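K.L.:
Let me give you the structure first, and then I'll get to my questions.
Readers should treat all values here as calculations from the given coordinates under stated rules, not as data from a laboratory. Worth saying up front: this structure is predicted, and the values here are computed from it rather than measured. Cβ sites come from the backbone with ideal geometry, for glycine too, and all protein chains shown count toward neighbours.
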Amino acid sequence: MAPLPHLTLAKTVTVVLCILALLGACNSQDKSGMTKEAKLGLRLEAGLGYFLEGKLDRAQQQVQRGLLLDDDNERLLLLLGDIHQARGTTADIRAAEAIFRAHPAQHDFRVRLGLGMALERLGILYDDAASAIRSGDQTTDALDPAKRADALAAHAQEAWTECRESYLKTIEIHLGNIKAVAGLVRVCALLGDEVASTQWGREYIQILKSASRIRQLELEDATLAANRESELRGAIALNDEATVKTHLHISTIYTRQGNLQAAVDELGAVLAINPDLPQAYSRRAQLYFDLAQYQRAYDTLQSFLKLSAHQPFDHPDIRQAYTLQRRCKDALSAADLLGSDG
C-alpha cells in the first residue's frame, strides 16, 4: 500500500473546512434533498401562482407553509398581506394592516403602499358604520348611539390621515408610483381636501397619459406579436377609463365649488376620450343650463337622449332629461319675448 501523502498544517485546515462545508450543506437539506431556500422558493412561486389565478385560500396555504420555515420572510409576508387585501372582508383588511405595519422591510415601497391601501379601506369601513348608525340601518350596543357614530367617524379620519402619509412615503421611496398617486386622489377627497385631490388628479392623469404614449409607441412595432398587441391595447383602454373617471371626479369638485365653466371643461376632456358616454352629456347639459346657456344645454340633451335610446321612456334619467329640455325651451322662449319687447 502506498504511504499517505504528508499534509502541511495549511492543507489540513483547508481539508477540514471543506468537510465542514459539505456537512453543513447536507444538514440544510431534508430527506428529499431540498434546501430550505429551495422550499421557500417553491412555496412563494406556488402561492403567487394561486394568487394570480384568484385562488386565495390555496395561495394563503402555500404562504403559511413557507412562513413555518421562515416567519420573517419578507416576500411571503408581502404576498400574505396582498392576499388578505384581495379577500377584502373586515377581518382580512385588519389582518393586512397588521401584517404591513409589522413587516420587517418598512423601507420597501410595497409595504408602505400596502399599509396605505389597508388604512384607506379601514377608514371607509369606519365611516360606513358611522353613517349606518346615524341612519338607523345599523344597531349598536353603545348607550349613546350618536356618540358612538361620532367616535367611528373620528377613527375614519385618523385612518385616512395615516393612509395619506403612507401614500406620500410610497412616492418618496418610489417616485411616481401610480397606485399611490391614485390613492392620494381618493384619500384627499375623503379627508375633504378637494384642492389636494384635484392636484393629485392632474398628476395621475399625466402619469396615465405618459404610460399610454409608451404603449402606443410599442404598438407601432411591425414585428409585434398578436398577444402582445392585445395586451397593450387592453392596457391603453384601462388607462383611458381611469383618465375619464379622474376627469369626472375633478368636474364634480369644480361643480361643488361653483366653478361651473371649469367643470364643463373637464367634461369636454372626458368626451374627447369617450364621445359616447351618456353620463358626460347629462352632466354637461345641467351645467350649461346653470350657466344660462340654454341652447347648448338643449343640444347636449339631444345627444344624451340619442345615446340613451335603449333606455325605457320611464327611466328616471330619461324623464329628467325631458324635464330639463322643457325648461330649456321655456327659458329660450322667455328670452325671445324679452328680445322682442326691446
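K.L.:
Starting from the Cα-Cα distance between residue 157 and residue 35, subtract it from 0.36 nm times their residue separation and give me the gain in nm to one decimal.
P.N.:
Details: separation 122, 0.36 × 122 = 43.92 nm, distance 4.74 nm.
Here the answer is 39.2 nm.
K.L.:
Starting from the 7 Å offset along Cα-to-Cβ, what nm value, one decimal, do you get for the label separation of residue 53 and residue 230?
P.N.:
Distance between label points: 2.0 nm.
K.L.:
Residue separation times 0.36 nm, minus the C-alpha to C-alpha distance between residue 172 and residue 252: what's the value?
P.N.:
Result for the pair: 25.9 nm of gain on full extension.
K.L.:
Let me ask another. Could you tell me which of 333, 214, 323 has its Cα farthest along the dipole of the chain towards the positive end, charges placed at Cβ (Lys, Arg +1; Asp, Glu -1), taken about the Cα centre?
P.N.:
214
K.L.:
Still on this model: Where does segment 36-87 land on Rg(C-alpha)/(2.2 N^0.38 Å)? List each step's numbers first, then the result.
P.N.:
Details: Rg = 9.6 Å, N = 52, 2.2 N^0.38 = 9.9 Å.
Normalised Rg, Cα atoms only: 0.98.
K.L.:
Right, another one. Quick one: what do you get for segment 193-275 if you divide its Cα Rg by 2.2 N^0.38 Å?
P.N.:
Compared with the compact-globule rule of thumb, segment 193-275 sits at 1.30.
K.L.:
How high is the relative contact order of segment 176-301, given as a whole-number percent (alpha carbon pairs under 8 Å, six or more residues apart)?
P.N.:
16 percent.
K.L.:
Give me the distance between the Cα centres of segment 34-72 and segment 246-306, rounded to whole Å.
P.N.:
Centre-to-centre (Cα) distance: 50 Å.
K.L.:
What distance in nm separates the simple spin-label points at residue 238 and residue 147, each placed 7 Å from Cα in the Cβ direction?
P.N.:
In this crude label model, residue 238 to residue 147 measures out at 4.8 nm.
K.L.:
Okay, next question. Looking at the P(r) of the chain, how many percent of alpha-carbon pairs lie beyond 31 Å? Each step should come with its number before you reach the end.
P.N.:
On the way: 34010 of 58311 pairs.
That fraction is 58 percent.
K.L.:
Shifting gears a bit: Assuming R0 = 35 Å, can you tell me the calculated FRET efficiency for the pair residue 101 and residue 210, based on Cβ-Cβ distance, to the nearest 0.05?
P.N.:
0.60
K.L.:
Label points 7 Å out from Cα along the Cβ direction at residue 132 and residue 70: separation in nm?
P.N.:
Each label point is offset 7 Å from its Cα along the Cβ direction, giving 4.1 nm.
K.L.:
Looking at this model, which pairs from 306/329; 147/245; 55/209 are more than 28 angstrom apart at the alpha-carbon?
P.N.:
Too far apart for the 28 Å limit: 147/245; 55/209.
K.L.:
Another one. Quick check: the distance between the Cα centres of segment 160-239 and segment 127-158, to the nearest angstrom?
P.N.:
34 Å
K.L.:
Something else about it: Using DSSP H assignments, which helices in the chain have an axial alpha-carbon span of 30 Å or above and a mean Kyte-Doolittle hydropathy of 0.0 or higher? Spell out each step's value before the answer.
P.N.:
Numbers: long enough: 109-135 (39 Å, 0.43); 145-173 (42 Å, -0.53); 194-219 (37 Å, -0.44); 226-257 (47 Å, -0.57); 316-341 (38 Å, -0.56).
Span-like helices here: 109-135.
K.L.:
Here's another thing I want to ask about it. Relative contact order for segment 103-192: what is it in percent, counting Cα pairs under 8 Å that are at least 6 residues apart?
P.N.:
It comes to 36 percent, rounded to a whole number.
K.L.:
Under unit Cβ charges (Lys, Arg +1; Asp, Glu -1), what dipole magnitude, rounded to 20 debye, does segment 103-192 have relative to its Cα centre? Present the calculation step by step, with values, prior to reporting the outcome.
P.N.:
Numbers: 10 positive and 12 negative charges, 64 e Å.
Around 300 debye, computed over segment 103-192.
K.L.:
Just need the relative contact order of the chain here, percent rounded to a whole number, with Cα pairs under 8 Å and 6+ apart.
P.N.:
For the chain, the relative contact order is 7 percent.
K.L.:
Okay, moving on. Given Cβ point charges of +1 (Lys, Arg) and -1 (Asp, Glu) and nothing else, what value in debye, to the nearest 20, does the dipole of the chain about its Cα centre take?
P.N.:
Approximately 620 debye in magnitude.
K.L.:
Among 46, 252, 177, pick out the residue whose Cα is farthest towards the positive end of the charge dipole of the chain, where Lys and Arg carry +1 and Asp and Glu carry -1 on C-beta, about the Cα centre.
P.N.:
Towards the positive end, the residue furthest out is 46.
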